[in-house]
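Each reported figure results from applying straightforward, stated rules to the coordinates on display, with no laboratory input. Just so it is clear, the structure is predicted and the values come from calculations on it, not from any experiment. Heads up, the Cβs are rebuilt from the backbone with ideal geometry, glycines too, and the neighbour counts pull from every protein chain shown.
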């Protein structure tokens with residue numbers, strides 16, 4: 001008889017489960033009576049044998065690749081992954097939603113129970129079957145267990161039903177609306193107060209900056225007001241206030257969403273996201289402290305090494321140290337190169353210890369920098385290597401007067417990528433290092449202070465003029481010209497014997513190479529005056545026949561108006 005009762009219970013359960021699977025859920029669990037109302041009497045009566053219900057063979061279960069989530073009242077309950085009795089997870093979800101809507105309409109919201117059977121469990125609400133959960137609905141690979149998923153589904157379903165009941169209670173909705181109004185009012189007041197505080201903080205920062213600058217006398221007050229410092233302070237204060245505003249808005253939105261049953265899951269997810277973000281940041285900072293300490297130690301060691309390197313190279317540049325492999329004029333660029341290599345080495349060594357170095361953000365930045373270097377490396381490397389060639393070949397130095405291509409001037413900077421030259425007319429000319437290397441460079445200053453660098457100027461004189469007189473006149477013109485060095489002495493060479501004249505070239509050394517055009521101007525005026533004074537005719541350009549009178553300017557006409565009697569000088 002006891003076995004009969006167990007079989008009756010199993011049959012009732014299977015009928016209920018079958019109705020739930022088919023989505024009708026029209027059967028309710030009925031109280032199961034013992035067959036014939038018989039009772040077991042006596043002290044030796046045995047407990048009834050329990051027959052574990054199991055699904056029939058026709059109750060087929062198979063895994064599907066299209067899972068569906070049971071969601072009720074905006075709250076996810078469980079994910080279904082199995083096809084049961086030919087019904088897909090989507091169809092099973094639709095059947096469960098229909099049953100839950102009917103239960104809420106009837107006011108039946110609990111209790112939620114789970115009745116296990118072989119291979120699954122039946123979830124019911126108020127003794128009415130809602131959903132059959134099988135073992136194939138569990139994701140074993142993610143570590144889920146059947147018992148934990150069942151308990152979680154029961155808890156979530158009970159919570160969703162309670163919130164559905166709360167959504168139909170006008171008193172609870174009015175309370176939520178009142179709290180929402182209060183929170184929105186408080187949030188608006190806080191935002192208004194932050195806006196007022198922003199103006200006050202900005203004005204206070206500006207006053208403090210102006211007061212400190214005025215006391216220290218670092219710069220005039222007008223210069224400070226016209227600079228970007230005050231704007232930076234204003235933007236910094238504005239940025240901080242905006243961040244606080246966003247936090248206030250986020251908190252108010254989270255609170256409001258949590259007051260209403262349907263939007264409560266959204267509010268909980270926002271609150272959980274904020275708390276999780278702060279937790280992750282705090283844990284990241286705590287975990288990054290040892291690595292950050294290691295990075296600081298590495299950078300401190302490299303900083304000490306950089307200072308020692310700077311002291312040594314400064315001594316080489318001043319001539320206090322004289323190593324064989326470096327010159328004083330290459331000490332400064334070599335120091336910069338060694339310093340750069342040391343810092344790059346420090347970054348490479350410290351990179352694995354930097355907090356967040358293994359994150360996707362760091363990897364993305366590394367890839368971006370790598371792409372930039374790859375796309376721009378062809379021209380960049382060419383300019384850098386040309387800069388090294390200029391520096392270590394000692395072709396030019398800062399302060400030298402040079403001629404690079406068609407550009408004449410004083411070198412003001414020899415950089416990694418380009419060389420800057422200040423021309424005779426105070427033009428700042430920037431020449432790429434690759435162009436400097438590819439063109440002929442003439443340095444007039446390298447021997448200008450020692451042996452001297454000669455500059456030539458030529459005249460052509462007829463054969464009827466004594467060549468000794470011509471040479472003497474040219475040397476006398478050089479002697480009268482200021483800006484020319486006395487040692488080495490100027491000299492005159494007969495460079496060519498042309499058809500109608502002799503070409504004489506005067507070579508003289510300048511005291512200052514950057515005064516070249518002015519000294520040449522003074523030299524040329526003295527040559528003309530002396531040749532006119534002694535009646536020697538300059539035969540350039542060419543002539544066809546000898547004139548009746550020499551082509552010279554009489555001394556009385558040297559200062560004919562509007563000329564003035566003060567000849568230009570070269571200094």
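If packing is taken as the mean number of other Cβ atoms within 10 Å per residue, what is the order of 304-316, 152-164, highest first?
Working: 304-316: 14.7, 152-164: 19.1.
Ranked from most to least packed, the peptides come out as 152-164, 304-316.
What number results when the radius of gyration of segment 360-446, computed over Cα atoms, is divided by 2.2 N^0.38 Å?
Details: Rg = 16.4 Å, N = 87, 2.2 N^0.38 = 12.0 Å.
For segment 360-446, the normalised Cα radius of gyration is 1.37.
Give the separation of the Cα centroids, segment 69-95 to segment 505-528, in Å.
What the calculation gives is 100 Å, centre to centre.
Given a Förster distance of 56 Å, report the FRET efficiency between residue 184 and residue 435 from their Cβ-Cβ distance, rounded to the nearest 0.05. Please list the in-between numbers first.
Numbers: r = 67 Å, r/R0 = 1.19.
After rounding, the FRET efficiency stands at 0.25.
Which order do the peptides 517-525, 286-294 come out in when sorted by mean C-beta neighbours inside 10 angstrom, highest first? Show your work: numbers first, answer last.
Details: 517-525: 18.0, 286-294: 12.8.
Ranked by mean Cβ neighbours within 10 Å, highest first: 517-525, 286-294.
Grab the Cα-Cα distance for residue 139 and residue 196, subtract it from 0.36 nm times how many residues apart they are, and report the gain in nm with one decimal.
Fully extending the segment from residue 139 to residue 196 adds 15.1 nm.
Please compute the length gained on full extension between residue 171 and residue 114, using 0.36 nm multiplied by the number of residues separating them and subtracting their Cα-Cα distance.
Numbers: separation 57, 0.36 × 57 = 20.52 nm, distance 3.18 nm.
This chain segment gains 17.3 nm when fully extended.
Could you sort the peptides 104-116, 468-480, 181-193 by per-residue average Cβ neighbour count (10 Å cutoff), highest mean leading? The partial results should precede the final answer.
Numbers: 104-116: 14.6, 468-480: 18.2, 181-193: 13.1.
Highest-to-lowest ranking by the protection proxy: 468-480, 104-116, 181-193.
Given a Förster radius of 60 Å and the C-beta distance between residue 337 and residue 277 as r, what FRET efficiency does 1/(1 + (r/R0)^6) yield to the nearest 0.05?
Numbers: r = 44 Å, r/R0 = 0.73.
Given R0 = 60 Å and the Cβ-Cβ separation, E is 0.85.
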